[in-house]
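J.: This is the structure, below, for whatever I ask next.
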Amino acid sequence: MADKEATVYIVDLGESMADCHNGRDESDLDFSMRYVWDKISTTVAASRKTWTVGVVGLNTEETVNAQHSEGLEGYEHISVLQGIGPMTMSSLRDLRSMILSSRTHGGDAISAIVVALTMIEDFTKKLKYNRKIILVTNGESPIDDESSEEVANRLNELNVELVVVGVDFDDPDYGYKEEDKSRGKANNEKILRKLVEQCNSGVFGTMQQAVEELAIPRIKPVRPFKAYDGPLTLGDPQKYQSALSIHVERYFKTKRAVPPTASTVVTNPERGGPSQPQAPGEDIVMGGTEFSGVKHMRTYTVDDPDAPGGKRDVDFEELAKGYQYGRTVVPFSESDFSVTKLETKKSFTIIGFIPFSSYSQFINMGETGVVVAQKHNEEAELGLSALIHALHELESYAVARYVQKDGTQPQILLLKPNPALEDDFECLYDVPLPFAEDVRSYQFPPLDKVLTVTGNVIKEHRLLPSEDLKQAMSDFVDAMDLTGFDVDEEGKPVEYAPIDELYNPVIHRLNQAIRARAVDPDSPIGPPAEILLRFSKPPEKLLDKAKAEIDALIDAAEVKKVPAKAQGRRGRKEPVKPLSGLDIDALLGENKRTTISSDNAVPEFKQILATASDDATIESAAKQMGEIIRKLIRDSFAGLNYARAAENLRVMREELIALEVPGLYNKFLTGLKKSILSGELDGDRREMWFKHIIGGHLGLISRDESEVSEVTAEEARAYKE
């Protein structure tokens, strides 16, 4: 398959495309462009110069094409809106302004295909390209089919795929048929369908199906990237003649999908006026707003009483890494660090074997690879085949030490044999295994019995499920079984949630939002696709079917609604008095605490609030705790005190919520954010804000957490940005 693509979109901009049909509240043009914008924005997001796009307008008021310029007839009202080339955000923005319905319908669709075909032929010449023409129309303008057979032959000669997607076109396979269709449109559909059928590579469909399929996430296939090319050994071939050495190649079988990363930009007020096409490194333009990339610059200073301001700048080369050891920092130079680095050589060595029955699948880590014999090497193919069949017959896995190239960290791989018995593909599949330090073992008490301190075993206990509860839970699990809940086209039961239909909603929803914002920065982003939410909740039919089992489980488990936690101002409550009625604090000679020390801030802060009798005492305690938090951040060496400051802040937040005085916390946090981001607390302390405060969920107290708060949930979320 060629890595180069040349695609030309033909968009019908005729007068009839501005109308709404068949109960839709958007015009045929807007409905069609949902499909076109999605395809083009996907190409823009790929950011590959070899994926080129051109756009031709059909039924435009002007005529701009090479055939008309040469004096040929039949090419009126066809305009090349964008020549074939790489698609960028700037060209996408310029194209949006050209996609407007016209007041004419005199353009011919087959002539537009000829224009697009000429563009592709001139651009690709005889180079290896995937060539495609996509026609989007509602079929209302007249079409001359006199030269359709010649056009189809030319499409086949150049190996161009023709895709015709029509608004309200009939599609028996999809199950759509437009009622009361005009005779002209029905005839045009027949002409276009016949043209597609004459092509070696052609697709004819209705826009309803194309738009509906836009909601299905597109899975990026894993490219066959060779990660290793060398010997797979068993033993040391340099020392022992009996050692095994097979020349193999390793490729990635699966690859972890991650959400696209974001870049930090800032509004550039100095640049204005019309924007120009964006070149690499230039400012980004979106929605008429200029953005500039943010460059990070970091300076390092040390205390120096002789330097101006008591601080002296130092170069990065003068710095040494330091690791915390207890409460001290141990410096580590580059020469010391090289001692800790493991010197490895490129290798792929089998170090042992384990039976299938001794391996737990949950130990699998990371991405899967596939190991095959070297191409055109019969000796390697024979040797690897013998190893695969031996492992398969003995029902064993091989464990190998893998070093991709010199100097890289070694991995322990589990090799699973895959003989050519079912899928006609012989290979070894591999998955990384954890090292001993990666495995954490936790012990939990048994679920079916209670062990007393004397060693007695109790089978009936309030913490143990009764037989009725066990049976109710078993019936509930059976009733909620999804393995055969869905049905296929033939009405046979099939799995409700197959693995190939489970999509990551984070990745695909973010991609959907990015494409929507790229195409139209001002329009609101639509709701998530239904296919992403399909498995977020159990199907309603299954819940109705299992209602009896659910009710039985609720009764057996005695499930009851927990009442909302009543909040009250502890400071206004009378302190608990001992039965003797004596004042313990007075007897011990201890006065009520009024100050907080930084060494024991948390318990002393709680003590003051526990005995506070007025708002002034609470405000004083909050102010003292705030000063301690600021001092911890200001005096912190790098991030040494950040965790301690965050813990003090967490206690302060919880206590002030309980006392129903969230305003004190919100006021302090607002000032603390300004101090951190402005650098007032002795340097760059943004890590404290983003990692420990925002990351630790210590933001503003909203009304969701305290009814007396003046901060809404939306304001609290916006404050974190």
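The values are calculated or read from the model by the stated rules, or taken from the named source; none is laboratory data. Fair warning: this is a prediction, and the values are worked out from it, not measured in the lab. Heads up, the Cβs are rebuilt from the backbone with ideal geometry, glycines too, and the neighbour counts pull from every protein chain shown.
J.: Give segment 17-67 a look and list any residue that's outside any helix (DSSP H, G or I), over 32 Å from the mean Cα position of the chain (by Cα) and buried (at least 20 other Cβ atoms within 10 Å of the Cβ), or say none.
T.: Correct list: V56, G57, L58, N59, T60, N65.
J.: Same structure, new question: Do we find that Y228 is hydroxyl-bearing (S, T, Y), outside the structural domain of F31 (by TED's automatic domain parsing) and surrounded by fewer than 16 Cβ atoms within 10 Å (Cβ to Cβ) in this structure?
T.: So Y228 fails the test.
J.: Another one. Tally the residues that are surrounded by 14 or more Cβ atoms within 10 Å (Cβ to Cβ) and more than 28 Å from the chain's Cα centre (by Cα), restricting the search to segment 681-696.
T.: 3
J.: I need the full set of residues from segment 68-97 which are touching a helix residue (DSSP H, G or I) at 6+ places or on another chain (Cβ under 6 Å), closer than 12 Å to S111 by Cβ and not in a loop (DSSP other than H, G, I, E, B), in order please.
T.: Within segment 68-97, just I78 meets the criteria.
J.: Follow-up. Output yes when any residue across segment 139-148 is assigned by TED's automatic domain parsing to the domain that holds H21 and under 40 Å from the mean Cα position of the chain (by Cα), and no when none is.
T.: Yes; the residues of segment 139-148 include at least one that is assigned by TED's automatic domain parsing to the domain that holds H21 and under 40 Å from the mean Cα position of the chain (by Cα).
J.: To continue, here is another question. Whether any residue in segment 132-147 is buried (at least 21 other Cβ atoms within 10 Å of the Cβ), in contact with a Ser or Thr (Cβ under 9 Å, 6 or more places away or on another chain), among the charged types (D, E, K, R) and modelled with pLDDT of 90 or more is what I want to check.
T.: No, every residue in segment 132-147 fails to be buried (at least 21 other Cβ atoms within 10 Å of the Cβ), in contact with a Ser or Thr (Cβ under 9 Å, 6 or more places away or on another chain), among the charged types (D, E, K, R) and modelled with pLDDT of 90 or more.
J.: Something else about it: Let me spell it out: the conditions are (1) closer than 30 Å to A320 by Cβ; (2) surrounded by 20 or more Cβ atoms within 10 Å (Cβ to Cβ), and M625 meets all of them except one. Which number is the exception?
T.: Here M625 meets the rest and fails (1).
J.: Check whether at least one residue in segment 349-364 is modelled with pLDDT under 90, surrounded by 13 or more Cβ atoms within 10 Å (Cβ to Cβ) and under 29 Å from R256 (Cβ atoms), and report yes or no.
T.: Yes, there is a match, as at least one residue in segment 349-364 is modelled with pLDDT under 90, surrounded by 13 or more Cβ atoms within 10 Å (Cβ to Cβ) and under 29 Å from R256 (Cβ atoms).
One line per residue, one yes/no per condition, for (1) part of a loop (DSSP other than H, G, I, E, B); (2) in contact with a His (Cβ under 8 Å, 6 or more places away or on another chain); (3) not assigned by TED's automatic domain parsing to the domain that holds D303; (4) not aliphatic (A, V, I, L, M):
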| site | (1), (2), (3), (4) |
| --- | --- |
| T595 | yes, no, yes, yes |
| A601 | no, no, yes, no |
| L609 | no, no, yes, no |
| A616 | no, no, yes, no |
| A622 | no, no, yes, no |
| I629 | no, no, yes, no |
| F637 | yes, no, yes, yes |
| A643 | no, yes, yes, no |
| E647 | no, no, yes, yes |
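J.: Which of the residues that make up segment 697-714 are surrounded by 15 or more Cβ atoms within 10 Å (Cβ to Cβ) and under 24 Å from I629 (Cα atoms)?
T.: L698, G699, L700, I701, S702, E705, S706, S709, V711, listed by residue number.
Quick grid of which residues meet (1) under 19 Å from S32 (Cα atoms); (2) assigned by TED's automatic domain parsing to the domain that holds M17; (3) surrounded by fewer than 19 Cβ atoms within 10 Å (Cβ to Cβ):
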| site | (1), (2), (3) |
| --- | --- |
| I78 | yes, yes, no |
| R103 | yes, yes, yes |
| V114 | no, yes, no |
| M119 | no, yes, no |
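J.: Does K128 satisfy the criteria of being within 36 Å of the chain's Cα centre (by Cα), charged (D, E, K, R) and surrounded by fewer than 17 Cβ atoms within 10 Å (Cβ to Cβ)?
T.: yes
J.: Can D168 be described as in contact with an Asp or Glu (Cβ under 7 Å, 6 or more places away or on another chain) and at positive phi?
T.: The answer is yes for D168.
J.: Can you find even one residue in segment 51-59 that is of a type outside the set (S, T, Y), under 25 Å from P221 (Cβ atoms), without any contact (Cβ under 8 Å) to a residue 60 or more places away in the chain and in the same structural domain as D108 (by TED's automatic domain parsing)?
T.: Among the residues of segment 51-59, at least one is of a type outside the set (S, T, Y), under 25 Å from P221 (Cβ atoms), without any contact (Cβ under 8 Å) to a residue 60 or more places away in the chain and in the same structural domain as D108 (by TED's automatic domain parsing), which makes the answer yes.
J.: Now, a different point. Those residues that are touching a residue at least 12 places away in the same chain (Cβ under 8 Å) and in contact with a Leu (Cβ under 8 Å, 6 or more places away or on another chain), I need them from segment 428-446; list them, please.
T.: L428, Y429, D430, V431, P432, L433, listed by residue number.
J.: If you don't mind, another one. Find all pairs meeting these conditions: Cβ atoms under 7 angstrom apart; at least six residues apart or on different chains; first residue within segment 10-39 and at negative phi; second residue surrounded by fewer than 15 Cβ atoms within 10 Å (Cβ to Cβ) and of a type in the set (K, R).
T.: Pairs that qualify, where the first residue is at negative phi and the partner is surrounded by fewer than 15 Cβ atoms within 10 Å (Cβ to Cβ) and of a type in the set (K, R), are E15/R103; F31/R24.
J.: Which of the residues belonging to segment 554-575 are at pLDDT 80 or above and either within 26 Å of E495 (Cβ to Cβ) or not in a helix (DSSP H, G or I) (or both)?
T.: E558, V559, K560, K561
J.: Identify, from the list L382, L413, the residue that is in contact with a strand residue (DSSP E or B) (Cβ under 9 Å, 6 or more places away or on another chain) and assigned to a helix (DSSP H, G or I).
T.: L382
J.: Shifting gears a bit: Determine whether V115 is closer than 22 Å to D19 by Cα and either in contact with a helix residue (DSSP H, G or I) (Cβ under 6 Å, 6 or more places away or on another chain) or not in a loop (DSSP other than H, G, I, E, B) (or both).
T.: no
J.: I would also like to ask the following. Under 7 Å between Cβ atoms, at least 6 apart or on separate chains: pull out the pairs that start in segment 327-346 with a residue that is assigned by TED's automatic domain parsing to the domain that holds V403 and end on any residue that is among the aliphatic types (A, V, I, L, M) and modelled with pLDDT under 85.
T.: P331/A320; F332/A320; S333/A320
J.: Condition first: in a loop (DSSP other than H, G, I, E, B) and either in the same structural domain as T261 (by TED's automatic domain parsing) or surrounded by 13 or more Cβ atoms within 10 Å (Cβ to Cβ) (or both). Now tell me which residues in segment 496-519 satisfy that.
T.: Y496, A497, Y503, N504
J.: Next up: Quick one: D551 ticks every box in (1) surrounded by 14 or more Cβ atoms within 10 Å (Cβ to Cβ); (2) in a helix (DSSP H, G or I) bar one, so which box is it?
T.: (1)
J.: Would you confirm, using the coordinates I've provided, whether T233 is polar (S, T, N, Q), more than 29 Å from the chain's Cα centre (by Cα) and under 21 Å from D430 (Cα atoms)?
T.: Considered against the rule, which asks whether it is polar (S, T, N, Q), more than 29 Å from the chain's Cα centre (by Cα) and under 21 Å from D430 (Cα atoms), T233 comes out as yes.
J.: Something else now. Enumerate the pairs (first residue in segment 506-518 and farther than 17 Å from E213 by Cβ; second residue anywhere and surrounded by fewer than 17 Cβ atoms within 10 Å (Cβ to Cβ) and small (G, A, S)) with beta-carbon separation below 6 Å, excluding pairs fewer than 6 apart on the same chain, so at least 6 apart or on different chains.
T.: I507/A257
J.: Does G14 satisfy being farther than 21 Å from I216 by Cβ and buried (at least 20 other Cβ atoms within 10 Å of the Cβ)?
T.: In short, yes.
J.: Pick from segment 258-285 the residues that are surrounded by 12 or more Cβ atoms within 10 Å (Cβ to Cβ) and part of a loop (DSSP other than H, G, I, E, B): which of them is modelled with the highest pLDDT?
T.: Taking the candidates together, the pick is P259.
J.: Here is a list: Y240, Y251. Which entry is of a type in the set (F, W, Y) and not in a strand (DSSP E or B)?
T.: Y240
J.: Looking at (1) of a type in the set (G, A, S); (2) exposed (fewer than 15 other Cβ atoms within 10 Å of the Cβ); (3) closer than 28 Å to T328 by Cα, can you tell me which one S675 breaks?
T.: That leaves (2) as the condition not met.
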